[in-house]
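Student: My structure is below; once you've seen it, I'll send some questions.
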Amino acid sequence: MQLQRLNHGKGESVPVLVWQITADDEKALDRYEGWPYLYRKETMKIKVDKKTVNAMVYIMNEGRPLEQPSYYYYSTILEGYNSTGFDVEYLRRAVEDSYEKDDATLENESNGEKLV
């Protein structure tokens, strides 16, 4: 296991853990992450112990409406954040971003106001 940061968007990143997994682990993760319907798998090059390796990551599919995570899913992710010492602010922001925003909310946010 190794802590890394994954670029999440323009100027943003999120903390991630790197694990070596078996084929059975990957099958279980596929079910848990809703692959291939909710998430797709991509390969990224990352550095682990000064060596560049390929890592498989789950990326949410485009065109899917954002939805709030289930209580179970959120609790599992929160437990992982707490046990690794990740800043839970990343998780809080992700959950906040999962709420659908109406036109008034988007307009106010573009003016620097935040309604959520």
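Bear in mind that the values in this text are calculations on the coordinates, not laboratory data. Quantities reported herein were computed from a predicted structural model and do not represent experimental measurements. Because the Cβ atoms are built from the backbone with ideal geometry, glycine has one as well, and the counts that use them run over all protein chains shown.
Student: Quote the FRET efficiency, to the nearest 0.05, computed for LYS27 versus ARG92 with a Förster distance R0 of 41 Å and r equal to the Cβ-Cβ distance.
Tutor: Efficiency for this residue pair is about 0.85.
Student: Next question, about the same structure. Quick one: Karplus J couplings for region 60-69, per residue in order, coefficients 6.51, -1.76, 1.60, θ = phi - 60°, nearest Hz, x for Gly and Pro?
Tutor: Using θ = phi - 60°, the values come out as 4, 5, 5, x, 8, x, 5, 10, 5, x Hz.
Student: Next question, about the same structure. Using amide H atoms built 1.01 Å from N in the peptide plane, name the residues 5+ places from VAL16, or on other chains, whose amide H lies under 5 Å from its own.
Tutor: HN-HN under 5 Å from VAL16: GLN4, ARG5, LEU6.
Student: Output ³J(HN,Hα) for region 70-81: one whole-Hz value per residue in order, computed from phi by the Karplus curve 6.51 cos²θ - 1.76 cosθ + 1.60 with θ = phi - 60°, and x for Gly and Pro.
Tutor: 5, 4, 4, 4, 4, 4, 5, 5, 4, 4, x, 4
Student: Sticking with this one: Mind checking the full-extension length gain between TRP19 and ARG64? Use 0.36 nm per residue of separation minus the Cα-Cα distance, one decimal, nm.
Tutor: Working it through step by step, the gained length comes to 13.5 nm.
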